Amino acid sequence: MRKQTWIKVLAIATVTLAGAQAASAETVLKLGTVGRLGMPIGDAIEQALVPTAAEVSKGQLIIEPHYRGSLCGEQKCGEQVDQGLLQLWTSSTANFGNFGTALAIFDLPYLFKDIESADAISSGWLSDIQCKEAAETTGHMCFTVYSSGGFRELGNTKRPVHVPNDLKGLKWRVTKSPIEYTLIKNWGAVPVPYDWTQLYQGLQTGVVSGQYVAIPWQYVAKLQEVAKYYTQIGGSWSGNQISIGVRQFEKLTPEQQAWLKTATAEFANSVRKLDQEWVKDGIEAIKSDVNEWYEPNEEEMALWREGAIGAWVNAKGTFDPVLAERALSEQGLNDFIVSLKKAGAL
């Protein structure tokens, strides 16, 4: 009997040890994001990032997302990664700027001529180069850069806008971005810093007359109910990134690192497809509910790009001009390159 008792004790101990080893084999990475389900970033996390990590690792690598800023806003998420409270985070490329200029090139107006070009270049060599720089200079290693809403577009409550001169005298809502402030000012409007959450009321009451916001976000906020004149000028791309703290990444085994890279690659593919659909649906919905949706011809677009040159000059030193010229050249934007060089921006 005594021998059988010891055998039982040994068996229980063996099972307990095996359970402890299995538990310790599971690595959980906490992700902080302002994305939410029902929108591309949140859906891509839920449908691609999380299940892919679990699948390729056979449950050994778990990504635990915290949506809608429940843990932190974009800048705070990055700070919490620095503190070791989180491992992964998402943010706009603009808010990544709180940690360094590695992704500033993605915020340059008219770096991309359309959403297809933006997706192709941001998912390839430019993202690879800038994310490597980010890891070296900010302590945050981004896996990819992607869009959240495509390009910002003009909407206003007053009148049709076809060329920059049509903006003269209009009070235009801007964010705290120096690039956006310069753009709106150079186009002839009066830049007015104004809170996003109050924008609908501001347009309704006339405190501001227009906004330069990505179309899906305008539709979510129902801005087309008060802003009835839209102009599709593109320009500022709504770049976003997903990254991990370099120190946290280095703590992972090579196998875990490979699993995470596979999962983030799947996330990147998913979020780009979802975002393009989101942009398309937003454009169609707003078009059906406004007085005018105007698409400038090439001569008119040259005037809009001309107004962006000052923003490039002001941003000089925050981006590599060789890389910027390569991106523009691949898209055939040679006239814009000439104008930027003449102004000393490249």
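The values are calculated or read from the model by the stated rules, or taken from the named source; none is laboratory data. A quick note: this is a predicted structure, and the numbers were derived from the prediction, not measured. With ideal geometry, Cβ positions are generated from the backbone for all residues, glycine too; neighbour counts draw on all protein chains shown. Side chains are part of the model used for accessible areas, which takes the heavy atoms of the whole protein and leaves out ligands, DNA and RNA. Shrake-Rupley method; radii C 1.70, N 1.55, O 1.52, S 1.80 Å.
Quick query: amide H of Lys171 versus all other amide H atoms, modeled in the peptide plane; which residues come in under 5 Å with a sequence gap of 5 or more or a different chain? Counting only residues 5 or more places away or on other chains, the set is Val190, Ser209.
With Cα atoms as the point set, the stretch 23-68 shows a radius of gyration and Dmax of 11.0, 34 Å. Around the amide H of His140, modelled in the peptide plane, lie the amide H atoms of Val246, all under 5 Å away and 5 or more residues distant in sequence or on another chain. Peptide packing for 208-215, 94-101 was compared via the average number of neighbouring C-beta atoms within 10 Å per residue; ordered from the highest value, the list is 208-215, 94-101.
The alpha carbons of the chain occupy a box of 97, 42, 30 Å along the principal axes, longest dimension given first.
Diagonalising the gyration tensor over the Cα atoms of the stretch 180-219 and scaling each eigenvalue by 5 before taking the square root yields semi-axes of 17, 13, 8 Å, largest first.
3J(HN,Hα) along the stretch 317-331: x, 9, 8, 8, x, 5, 5, 5, 5, 4, 4, 5, 5, 4, 9 Hz, from the Karplus curve 6.51 cos²θ - 1.76 cosθ + 1.60 with θ = phi - 60°, whole Hz, x for Gly and Pro.
Convex hull of alpha carbon positions in the stretch 243-346: directionally averaged projected area 10.4 nm².
Taking every pair of alpha-carbon atoms in the stretch 143-299, give the share separated by more than 25 Å as a whole percent. Of all Cα-Cα distances in the stretch 143-299, 38 percent exceed 25 Å. Of the whole protein surface, Lys76 contributes about 120 Å² of accessible area at a 1.4 Å probe radius. When Rg and the Kirkwood Rh are both derived from Cα coordinates, the Rg/Rh ratio for the stretch 47-192 amounts to 1.04. Over 29 Å between Cα atoms: which of Lys76/Lys251; Lys222/Lys342; Lys185/Lys228 fall into that group? Result: Lys222/Lys342 exceed 29 Å. For the stretch 83-140, evaluate the Debye formula with one uniform point scatterer on each Cα (no solvent term) and list log10 I(q)/I(0) at q = 0.13, 0.22, 0.28 Å⁻¹, rounded to two decimals. So the normalised log intensities are -0.36, -0.93, -1.28.
Using heavy-atom solvent-accessible surface (probe 1.4 Å) with all chains present, what is the largest-first order of Glu284, Glu300?
On the way: Glu284 105, Glu300 30 Å².
Sorted descending by solvent-accessible area, the residues read Glu284, Glu300.
A straight Cα-to-Cα reach below 19 Å connects Lys273 with the aspartates and glutamates Asp43, Glu46, Asp114, Glu116, Asp119, Asp281, Glu284, residues fewer than 8 places away in its own chain not being considered. Backbone geometry of the stretch 234-244 corresponds, through the Karplus equation with coefficients 6.51, -1.76 and 1.60 at θ = phi - 60°, to 3J(HN,Hα) couplings of x, x, 7, 8, 8, x, 9, 9, 10, 8, 10 Hz, x marking Gly and Pro. Computed 3J(HN,Hα) for the stretch 130-138, one whole-Hz value per residue from the Karplus formula 6.51 cos²θ - 1.76 cosθ + 1.60 where θ = phi - 60°, is 6, 5, 5, 5, 4, 4, 7, 10, 10, glycine and proline marked x.
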